[in-house]
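Here is the structure we will look at.
Taken together, the values in this text are just the output of simple stated rules run on the coordinates, not laboratory data. Small disclaimer: the values here were computed from a predicted structure and weren't measured. Because the Cβ atoms are built from the backbone with ideal geometry, glycine has one as well, and the counts that use them run over all protein chains shown.
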Amino acid sequence: MKKIIGSLAAALLLAVTSAFAPAQGWQITDKYTVRFTGGGEVGGIFKTLKGTILFDEQHPDGSSFELTIDVASINTGNGLMNTHAKSAEWFDAAQYPLIKFTSKKIAKTAGGYTVTGDMEIHGVKKEMTLPFSFKSSGAAGTFSGAFTINRNDFHIGKPGGDVDEKIKLDLTVPVVKK
């Protein structure tokens, strides 16, 4: 009887421990892309993405993302537009040098995953839920996501004008296990 109780206790301890085991740490490789488009000729990339990613495909509820984009790394393909985008009229890179996203909750969906967290741009923090997918291959993987933000929600530029209010972001983030 003691053997059975001991075995059950060990199995229960193993189940509880594995359920609360920390998610796998992933390191962002330098092959990532962060693209944006806003209608007309407005579009480009951000060249600097950093962050901490803890992610477990089987237990996404124990996962987390903390990501930053360097606003000064914006590249529209036009030097004058880059300078204008970094100015106080748009992103104000001098005062708000980073775009930040910190997750609060990650969940599995029928088509992939969603992450709910705080997006902070231009000094404005807003909770958002964003879809993403993850494809793993051994010790590597790739996170992908596409979503739209309203630039007016973050006081970027003046409402109206030549730039659409809704900006589409496409991210592809290859990672390797830490």
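With 0.36 nm allotted per residue and the present C-alpha distance subtracted, the MET128-GLN58 stretch has 22.9 nm of extension available.
Which angle from 0 to 90°, rounded to the nearest 10, does the C-alpha axis of helix 2-19 make with the longest principal axis of the chain? The answer is roughly 0 degrees. The 3J(HN,Hα) values that the Karplus relation (6.51, -1.76, 1.60; θ = phi - 60°) gives for region 167-173 are, in residue order, 10, 8, 10, 10, 10, 10, 10 Hz. Gly and Pro appear as x. Between THR172 and VAL42, the FRET efficiency from the beta-carbon distance, with R0 = 25 Å, is close to 0.80. Dipole orientation for the chain: of the candidates PRO174, PHE46, ILE121, PRO174 has the Cα lying most toward the positive pole (charges on Cβ; Lys, Arg +1; Asp, Glu -1). Over the chain, Cα pairs under 8 Å with separation of 6+ residues give a relative contact order of 23 percent. Modelled spin labels at HIS155 and GLU66, positioned 7 Å past Cα toward Cβ, are 2.6 nm from each other.
Using R0 = 25 Å, the C-beta based FRET efficiency linking THR29 and SER87 works out to 0.20. 3J(HN,Hα) couplings calculated from phi for region 80-94 with the Karplus curve 6.51 cos²θ - 1.76 cosθ + 1.60 (θ = phi - 60°) are, in sequence order, 5, 5, 4, 4, 5, 5, 7, 5, 4, 5, 10, 7, 6, 4, 5 Hz; Gly and Pro show x. If you run the Gaussian network model on the chain, springs between alpha carbon atoms under 10 Å, then out of SER103, SER136, SER63 the most flexible one is SER136. Taking the Cα centre of region 82-178 as reference, the dipole from Cβ charges on Lys and Arg (+1) and Asp and Glu (-1) amounts to some 560 debye. Note down the net charge around THR172, summing +1 for each Lys or Arg and -1 for each Asp or Glu among other residues with Cβ under 10 Å from its Cβ. Around THR172, the surrounding residues sum to +1. Take every pair of alpha-carbon atoms less than 8 Å apart whose residues are at least six positions apart; their mean separation over the length of region 27-73 yields a relative contact order of 32 percent. Between THR142 and THR116, full extension at 0.36 nm per residue minus the direct alpha carbon distance yields a gain of 7.5 nm.
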